[in-house]
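Enquirer: Mind having a look at this structure? Questions to follow.
The values are calculated or read from the model by the stated rules, or taken from the named source; none is laboratory data. Because the structure is predicted, anything quoted here is derived from the model rather than measured. Glycine also receives a Cβ, built like all others from the backbone with ideal geometry; neighbour counts cover every protein chain displayed. When the accessible area is computed, the model is the full protein with side chains, heavy atoms only, and any ligands, DNA or RNA have been set aside. Shrake-Rupley method; radii C 1.70, N 1.55, O 1.52, S 1.80 Å.
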Amino acid sequence: DVMALGRGKKCRLCTKILDKVKAIAGDDPDEAAVDAALGKVCRALGKSLGRVCKRLVKKYRDQITEALQNGNQAQDTCAAIGFCKA
């Protein structure tokens, strides 16, 4: 579970996911591009991290999509949803 991970690990996982999604979705992604990229990234993480990834995505999809569309940094987005220290 995401909440079981230590804060440092959660932060690293969150930024890793968002960086990969950004790389796949491109610079000006629409919602469908972000959704597709999120799915790919979660699948690529393997079984246990993939589950964590899917939960993270389900809960924070809107914030993640908005952040990517606004070109926000992964670290800032992860801080905004409470995964990293601001």
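Enquirer: Exactly one condition in (1) surrounded by fewer than 17 Cβ atoms within 10 Å (Cβ to Cβ); (2) in a helix (DSSP H, G or I); (3) in contact with a Cys (Cβ under 8 Å, 6 or more places away or on another chain) is not met by GLN63; state its number.
Expert: Tallying (1) surrounded by fewer than 17 Cβ atoms within 10 Å (Cβ to Cβ); (2) in a helix (DSSP H, G or I); (3) in contact with a Cys (Cβ under 8 Å, 6 or more places away or on another chain), GLN63 fails exactly one: (3).
Enquirer: Still on this structure: Kindly list, by first and then second residue, each pair from a residue in the stretch 29-43 that is assigned to a helix (DSSP H, G or I) to a residue that is open to solvent by 60 Å² or more (accessible area, probe 1.4 Å), limited to pairs with Cβ atoms under 7 Å and residues at least 6 apart or on different chains.
Expert: ALA37/ILE24; LYS40/ILE24; VAL41/LYS20; VAL41/ILE24; CYS42/LYS54
Enquirer: Residue under question is LYS54, and the condition is that it be open to solvent by 60 Å² or more (accessible area, probe 1.4 Å), in contact with a helix residue (DSSP H, G or I) (Cβ under 9 Å, 6 or more places away or on another chain) and of a type outside the set (Val, Ile, Thr); does it hold?
Expert: Against the criterion (open to solvent by 60 Å² or more (accessible area, probe 1.4 Å), in contact with a helix residue (DSSP H, G or I) (Cβ under 9 Å, 6 or more places away or on another chain) and of a type outside the set (Val, Ile, Thr)), LYS54 qualifies.
Enquirer: Let me ask you something else. Could you tell me which of the residues ARG43, ARG12 is at pLDDT 90 or above, of a type outside the set (Gly, Ala, Ser) and in contact with a Gly (Cβ under 7 Å, 6 or more places away or on another chain)?
Expert: From the options ARG43, ARG12, the qualifying one is ARG43.
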